[in-house]
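Undergrad: Below is one structure. I have some questions about it.
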Amino acid sequence: MSKYPTFFVYIPPYKDAQEAEFFITDAEKNDIYNHRLQLPEKSGIIRIKISPKKSPPLEVRKNYLWGVQIFCISELGDRSGNPFVEGIIQRIQPKISLYNKLAGVTPLTLPTVYASQGIWYDALESMVQLRRLNPNNPKLIDDWEELFNSANSQGKEELIPAAILDCCERED
């Protein structure tokens, strides 16, 4: 839904890595956004917020490829072993029925409404905001796990217990 979505990426435990590159391209492989970021000292989920000053808005019903590559130090300069993850995002035009549902929701139920409509990026963003405000709330911990289970997330065994790190937010 968002013109400038927020991306969350799990950074696994790594050795000899300090930087990563985040990018977005359109279906024709044109660069939309590219940013190098310093990695945190520990593993966890990082937040990457796209800035309107650095990127055009995502267009409705258009597919975009996004990815993150972690740069590991190699004696030979070989990057082929660098960890890499990618995904596809498409901005949608919500139906009136979704706007009606959103009008009556509380912050606690917002992630569930987004998830029920398959709007995973916004569901995750709203859940992360709640977890940051109430990190030890048992209901939110259960909801966090349910979000990953309902999305049938790959690697959810690592994602569910991962810390949400204050890292890599870029708003400029």
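What follows draws every value from the coordinates through simple rules; no lab data is involved. In this text, all values refer to a predicted model and were calculated from it rather than measured experimentally. Here the Cβ is made from the backbone with ideal geometry for all residues, glycine too, and neighbour counts use every protein chain on show.
Undergrad: Can you give the charge dipole size of the chain about its Cα centre, rounded to the nearest 20 debye, using +1 on the beta carbon of Lys and Arg and -1 on the beta carbon of Asp and Glu? Don't skip to the answer; put the middle values down first.
TA: Working: 20 positive and 23 negative charges, 137 e Å.
Dipole about the Cα centre, nearest 20: 660 debye.
Undergrad: Can you give the extra length, in nm with one decimal, that the chain gains between Q90 and K62 once fully stretched, where that is 0.36 nm per residue apart less the Cα-Cα distance? Walk me through the intermediate numbers first.
TA: On the way: separation 28, 0.36 × 28 = 10.08 nm, distance 0.56 nm.
Length difference between fully extended and current span is 9.5 nm.
Undergrad: Could you identify which residue out of P13, P40, P57 has the top mean-square fluctuation in a GNM of the chain using Cα springs shorter than 10 Å?
TA: Checking each option, the largest mean-square fluctuation is seen for P13.
Undergrad: What is the Rg over Rh value, at two decimals, for the chain, using alpha-carbon atoms and the Kirkwood definition of Rh? Don't jump to the answer; show the numbers that get you there.
TA: Values: Rg = 16.8 Å, Rh = 17.3 Å.
Checking Rg against Rh, the ratio lands at 0.97.
Undergrad: Given points 7 Å out from each Cα along the Cα-Cβ axis, report the V105 to S43 separation in nanometres with one decimal.
TA: 3.1
Undergrad: Filter the cross-link list K29/K139; K42/K101; K3/K42; K42/K62 down to pairs whose alpha-carbon distance in this structure exceeds 32 Å.
TA: Numbers: K29/K139 41 Å; K42/K101 38 Å; K3/K42 30 Å; K42/K62 35 Å.
Listed pairs above 32 Å: K29/K139; K42/K101; K42/K62.
Undergrad: Count the net charge of all other residues whose Cβ sits under 12 Å from the Cβ of W144, scoring Lys and Arg as +1 and Asp and Glu as -1.
TA: Values: positive: R131, R132, K139, K156; negative: D142, D143, E145, E146.
So the environment of W144 carries a net charge of 0.
Undergrad: Which residues make up the longest stretch of the chain that has no GluC sites (Glu not before Pro) in a DSSP loop with at most 15 other Cβ atoms within 10 Å? Intermediate results must be reported in sequence, preceding the final value.
TA: On the way: sites that count: E28, E41, E59, E75, E169, E171.
My reading of the result: 76-168 is the longest stretch.
Undergrad: Between the helical axis of 138-150 and the dominant principal axis of the chain, each derived from Cα atoms, what acute angle in degrees is found, rounded to the nearest 10?
TA: So the inclination is approximately 70 degrees.
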